[in-house]
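A.B. asks: Take this structure first; my questions come after.
The values are calculated or read from the model by the stated rules, or taken from the named source; none is laboratory data. Remember, predicted model here, so these are calculated numbers, not experimental data. Counting neighbours? That spans all protein chains shown, and the Cβs are built from the backbone with ideal geometry, glycine included. Calculation scope for accessible area: heavy atoms of the full protein, side chains included, ligands and nucleic acids excluded. Shrake-Rupley method; radii C 1.70, N 1.55, O 1.52, S 1.80 Å.
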Amino acid sequence: MPERKLRILIAKPGLDGHDRGAKVVARALRDAGMEVIYTGLRQTPESIVETAIQEDVDAIGLSILSGAHNHLFKKVIELLNNEGANDIPIFGGGIVPEEDIPYLKHIGVKKIFGPGTNTEDIVAYIKEMTNK
Amino acid sequence: MISSIDELIQKMISGDKRALGKIITLMEENSSSSAYIISQIYALTGKAYIVGITGPPGSGKSSIVDKLVSCYRNENLKVGVIAIDPTSPFTGGAILGDRIRMKSHYTDRDVFIRSMATRGNLGGLSRATSDAIKALDAFGSDIIIVETVGAGQIEVDIVKVADTVIVISVPGMGDIIQTLKAGIMEIGDIFAVNKADLDGVEKCILEIKMMLELSENKNGWIHPIVKTFGNRDDGANELYEAIKNHRKYLLESGHHEKKKIMRGKADLINILQNLFIKNLYDVISEEEMEEFGKKIANREKDPYEIIEEIIPRLKKFL
């Protein structure tokens, strides 16, 4: 029986201007044998949650540079709850100040990967997290 | 949160998107789940109309799908989309990015978009595509649009699942010899020349016309050639009308019945082929295959010799 194929949504909520980091992560996950659903810039929390459900992903990765992380993560988690899909784990990356991380973890974000993170660490973390 | 397959099937039939998403995953993962699910839903399928979109990478397939979805939504029809992208032959991974062009429909409750990776399948679709179409059908989609991988010359399997096949061309991709070659240009019911604001569009249309004039028109359908634009709606409306006309033609001429029988046959052969390959790997391990590869490479044995050895071991499946 071959290993189950992991499907990961990489999305950028809000008004960020570029998505280079998200693309680097998407590419790294692809090279680790995962299927990456990539939805590009300026997604709303609603569209992210709908996509996660339709694509039946194993995890959602949100990249946020704008500073609106506290609001956006919370909103996505709320919507997942409403849809009965709060079993889909969320991780994040981008520019998130250290002092905001405890709050994000408290509301249910599994992990925040800051600038300079090695992509191999992200791959390893996702494999471990989804290996329920 | 883990529901049994039967529970998922019931939820899917009653319109639950999460259940549909999970059902398609099961179908992709494992052909025996597919067999069970199909057995439970088959009676509910056969209602949706299936439109196939194919064409070279970057020709604008996803953008055209996006515009067609809008046309169907204007008529308040429930739409399913399956968009296929390639799996890496080296890592098994994939970037599924067709949704990016379909943003306007993300939160529409009556549009369900699913990206699928080819997972080693040739022909432009994935193994589970035809099963996923049936799931979307049982879910209650009126229209199912299937977008193939960016196609070359031989990715023609779409013709085995779709009622209407649209082949998208773009100006400047080659001379008339390309349209004369066998393969993808033979499978179109409708031709769309996309990016029709680019230079060379009239030449492209002329070449398709000449190709069509040279081929024998057995069934009386006159293939429309439609100009489309990624950033404008006018061409898309014309394309939408062309699909409607083709559907009408299929029903009135009786070709729809023939097409359905052809599809039934193709489905069967496809499942048998996949079953055979799966059984092959159950009998012969990856390591043993590697050993055979070595023997073939250093001329110890030829491939046909090895097949003679393998065949008796496969007998129990035949």
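A.B. asks: Would you mind telling me which numbered condition in (1) open to solvent by 40 Å² or more (accessible area, probe 1.4 Å); (2) within 13 Å of chain B (Cβ to nearest Cβ) A:ARG20 fails?
C.D. replies: (2)
A.B. asks: Select from the range A:71-100 the residues that are in a loop (DSSP other than H, G, I, E, B), without any contact (Cβ under 8 Å) to a residue 12 or more places away in the chain and either surrounded by 15 or more Cβ atoms within 10 Å (Cβ to Cβ) or not charged (D, E, K, R) (or both) and list them in ascending order.
C.D. replies: Let us first name the residues in the range A:71-100 that are in a loop (DSSP other than H, G, I, E, B), namely A:83-89, A:95-97.
Filter once more, so that each one left must be without any contact (Cβ under 8 Å) to a residue 12 or more places away in the chain: A:84, A:87, A:97.
Those that are in a loop (DSSP other than H, G, I, E, B), without any contact (Cβ under 8 Å) to a residue 12 or more places away in the chain and either surrounded by 15 or more Cβ atoms within 10 Å (Cβ to Cβ) or not charged (D, E, K, R) (or both): A:GLY84, A:PRO97.
A.B. asks: Can you tell which of B:LYS17, B:LYS47 is within 12 Å of chain A (Cβ to nearest Cβ) and in contact (Cβ under 8 Å) with a residue 40 or more places away in the chain? Before you say what the answer is, go through the steps one by one.
C.D. replies: Values: B:LYS47 fails: within 12 Å of chain A (Cβ to nearest Cβ).
Every option except B:LYS17 fails the conditions.
A.B. asks: For a quick check of your reading: which strands (runs of 3 or more DSSP E) sit entirely within the range B:63-138 and have at least 2 residues that are over 11 Å from the mean Cα position of the chain (by Cα) and within 11 Å of chain A (Cβ to nearest Cβ)?
C.D. replies: Numbers: elements: B:79-85, B:94-96, B:111-117.
Strands (runs of 3 or more DSSP E) meeting the threshold: B:94-96, B:111-117.
A.B. asks: For A:ILE10, are the conditions met, namely being surrounded by 21 or more Cβ atoms within 10 Å (Cβ to Cβ), under 18 Å from A:MET129 (Cα atoms) and under 14 Å from the mean Cα position of the chain (by Cα)?
C.D. replies: Values: surrounded by 21 or more Cβ atoms within 10 Å (Cβ to Cβ): yes; under 18 Å from A:MET129 (Cα atoms): yes; under 14 Å from the mean Cα position of the chain (by Cα): yes.
Against the criterion (surrounded by 21 or more Cβ atoms within 10 Å (Cβ to Cβ), under 18 Å from A:MET129 (Cα atoms) and under 14 Å from the mean Cα position of the chain (by Cα)), A:ILE10 qualifies.
A.B. asks: Could you identify the single residue in B:SER141, B:SER169 that is within 14 Å of chain A (Cβ to nearest Cβ), open to solvent by less than 40 Å² (accessible area, probe 1.4 Å) and farther than 25 Å from B:LEU272 by Cα?
C.D. replies: Working: B:SER169 fails: within 14 Å of chain A (Cβ to nearest Cβ).
Only one candidate qualifies: B:SER141.
A.B. asks: Quick one: in the range A:42-62, which of the residues that are free of Cβ contacts under 8 Å to residues at least 60 places away in the same chain and of a type in the set (A, V, I, L, M) is nearest to the other protein chains (Cβ to nearest Cβ)?
C.D. replies: A:ILE53
A.B. asks: What about A:THR39, is it at the interface with chain B (Cβ under 9 Å from one of its Cβ atoms), at pLDDT 95 or above and closer than 16 Å to B:ASP98 by Cβ? Break it down stepwise before answering.
C.D. replies: Working: at the interface with chain B (Cβ under 9 Å from one of its Cβ atoms): yes; at pLDDT 95 or above: no; closer than 16 Å to B:ASP98 by Cβ: yes.
Against the criterion (at the interface with chain B (Cβ under 9 Å from one of its Cβ atoms), at pLDDT 95 or above and closer than 16 Å to B:ASP98 by Cβ), A:THR39 does not qualify.
A.B. asks: Can you work out which of the residues in the range B:21-33 that are in a helix (DSSP H, G or I) and more than 8 Å from chain A (Cβ to nearest Cβ) is most open to solvent (accessible area, probe 1.4 Å)?
C.D. replies: Of the range B:21-33, the ones in a helix (DSSP H, G or I) are B:21-29, B:31-33.
Retained after the next criterion (residues that are more than 8 Å from chain A (Cβ to nearest Cβ)): B:23, B:26-27, B:31-33.
On the way: B:ILE23: 0, B:LEU26: 52, B:MET27: 0, B:SER31: 42, B:SER32: 75, B:SER33: 17 Å².
Going through the qualifying residues, I end up with B:SER32.
A.B. asks: Another one. Got a number for residues in the range B:158-186 being assigned to a loop (DSSP other than H, G, I, E, B) and closer than 21 Å to B:SER63 by Cβ? Step through it out loud before you land on a result.
C.D. replies: Step one: filter the range B:158-186 for residues assigned to a loop (DSSP other than H, G, I, E, B), giving B:161-163, B:170-175, B:181-183.
Then drop every residue that is not closer than 21 Å to B:SER63 by Cβ, which leaves B:162, B:170-173.
Adding up the residues that qualify gives 5.
A.B. asks: Kindly establish whether A:ARG30 is facing chain B (nearest Cβ under 10 Å), open to solvent by 30 Å² or more (accessible area, probe 1.4 Å) and not in a helix (DSSP H, G or I).
C.D. replies: Working: facing chain B (nearest Cβ under 10 Å): yes; open to solvent by 30 Å² or more (accessible area, probe 1.4 Å): yes; not in a helix (DSSP H, G or I): no.
Against the criterion (facing chain B (nearest Cβ under 10 Å), open to solvent by 30 Å² or more (accessible area, probe 1.4 Å) and not in a helix (DSSP H, G or I)), A:ARG30 does not qualify.
A.B. asks: Could you give every pair whose Cβ atoms fall below 7 Å, whose first residue belongs to the range B:177-201 and is touching a residue at least 24 places away in the same chain (Cβ under 8 Å), and whose second residue is of a type in the set (Gly, Ala, Ser) and not in a loop (DSSP other than H, G, I, E, B), counting only separations of at least 6 or pairs across chains?
C.D. replies: B:ILE190/B:ALA242; B:PHE191/B:SER169; B:VAL193/B:SER169; B:ALA196/B:GLY235
A.B. asks: Of (1) within 14 Å of chain B (Cβ to nearest Cβ); (2) without any contact (Cβ under 8 Å) to a residue 24 or more places away in the chain; (3) touching a strand residue (DSSP E or B) at 6+ places or on another chain (Cβ under 6 Å), A:ILE112 satisfies all except one. Which?
C.D. replies: It fails just one condition, (1).
A.B. asks: Would you confirm, using the coordinates I've provided, whether A:ASP56 is open to solvent by 10 Å² or more (accessible area, probe 1.4 Å), within 17 Å of A:ILE8 (Cβ to Cβ), among the charged types (D, E, K, R) and in contact with a Gly (Cβ under 8 Å, 6 or more places away or on another chain)?
C.D. replies: Details: open to solvent by 10 Å² or more (accessible area, probe 1.4 Å): yes; within 17 Å of A:ILE8 (Cβ to Cβ): yes; among the charged types (D, E, K, R): yes; in contact with a Gly (Cβ under 8 Å, 6 or more places away or on another chain): yes.
Yes; evaluated as a whole, the condition is true for this residue.
A.B. asks: Pick out the one residue from B:ILE310, B:ILE277, B:ILE296 that is part of a helix (DSSP H, G or I), of a type in the set (Val, Ile, Thr) and touching a helix residue (DSSP H, G or I) at 6+ places or on another chain (Cβ under 6 Å).
C.D. replies: On the way: B:ILE310 fails: touching a helix residue (DSSP H, G or I) at 6+ places or on another chain (Cβ under 6 Å); B:ILE277 fails: touching a helix residue (DSSP H, G or I) at 6+ places or on another chain (Cβ under 6 Å).
Every option except B:ILE296 fails the conditions.
A.B. asks: Exactly one of (1) over 21 Å from B:MET116 (Cα atoms); (2) of a type in the set (A, V, I, L, M, F, W, C); (3) open to solvent by 20 Å² or more (accessible area, probe 1.4 Å); (4) touching a helix residue (DSSP H, G or I) at 6+ places or on another chain (Cβ under 6 Å) is unmet by A:LEU15. Its number?
C.D. replies: It fails just one condition, (4).
A.B. asks: Looking at B:LYS265, is it assigned to a helix (DSSP H, G or I), more than 32 Å from the chain's Cα centre (by Cα) and basic (Lys, Arg)?
C.D. replies: Working: assigned to a helix (DSSP H, G or I): yes; more than 32 Å from the chain's Cα centre (by Cα): no; basic (Lys, Arg): yes.
It is false that B:LYS265 is assigned to a helix (DSSP H, G or I), more than 32 Å from the chain's Cα centre (by Cα) and basic (Lys, Arg).
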